[in-house]
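Please treat every number below as a calculation from the coordinates, not as lab data. This is a predicted model, so every value here is computed, not measured. Don't worry about glycine lacking a Cβ; one is built from the backbone with ideal geometry, like all the others, and counts go over all protein chains shown.
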Amino acid sequence: MGVSQMQMIDLRGVAIWPGRLDEAVQRALLAELREVVTAAPLFRPETRRGQKMSVQMTSAGRFGWVSDRRGYRYEERHPVTGAPWPPIPPAALALWRAVAPDAREPESCLVNLYREGARMGLHQDRDEADLSQPVLSISLGDDALFRVGNIERGGKTESHWLKSGDVALIAGDARLVHHGVDRVREGSSTLLDGGGRINVTMRVVT
C-alpha cells in the first residue's frame, strides 16, 4: 500500500496521518467504493426530528449505520433496498489492519458523501457496543475542516483541514470526543467526478 512518511498529528487525542494514502491507493479505493454504491445506493438519512441530513450515506460490512425518526442505530440491511450491505472494500480493510493491528476486524464501513454545503455537526461515536475498539476515518476528495472538542459537550475545540489521503484514528482516551466537519473546501481536489468529499469510517459494532 502506497503510504507517506509524514509525521502524525495529535489533535486532542485524535491521531491524524497527513497524506497517508498516495493518489494511486486513493483511486483504487475509490473504484472499490463505486462498487459499494452500486450495490447499496447512497441515501440521505433523517434525524430523530425528521430533518434530512446534508450528507449522503451508505455502508459496507455486516452492519450499516442508519438514522430516522426512530433514532440512530446499526442495521444489517439497506433501509431503502432491504438488501444486505456489500462487503467492506479490500483496500479499506488493508488500511485498518495496518493502522489498528490489535483491533478486532471492522464490522461496519460507513461511506459519507459531502457535496456543496454539506457538513456534520459535533457528535460522539457511541452507538457501538465495545468502545475499546477504534474508529478509523479516511478522507478522499475535497479538503474538510475537521473539528474536535471534548468528551463532555461544550468547551474549547480545535480544528484541522483534512486533505485527500489523510487518515485519522479515534481511539483510547479520545474514543468519545465530540467531532465533526464544519465545511468542505469546494474545488480543492480533482479526485471525485463532480467534486465533493468522501469520508470512509470503519468501526467494530458488536
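Summary table below
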quantity	calculated
Proxy reagent accessibility, fewest Cβ within 10 Å first, across Glu186, Glu76	Glu76, Glu186
Formal net charge of residues neighbouring Arg62 (Cβ-Cβ distance under 15 Å; K, R +1; D, E -1)	-3
Label-point separation, Arg115 to Asp193 (7 Å along Cα→Cβ), nm	1.4
Expected 222 nm ellipticity per residue - DSSP helices of 4 or more, -39500 (n - 2.57), all of the chain, to 500	-4000 deg cm²/dmol
Gain in span if fully extended, Lys52 to Asp173, counting 0.36 nm per residue against the direct Cα distance	40.4 nm
Quotient of C-alpha Rg and 2.2 N^0.38 Å, computed over the chain	0.94
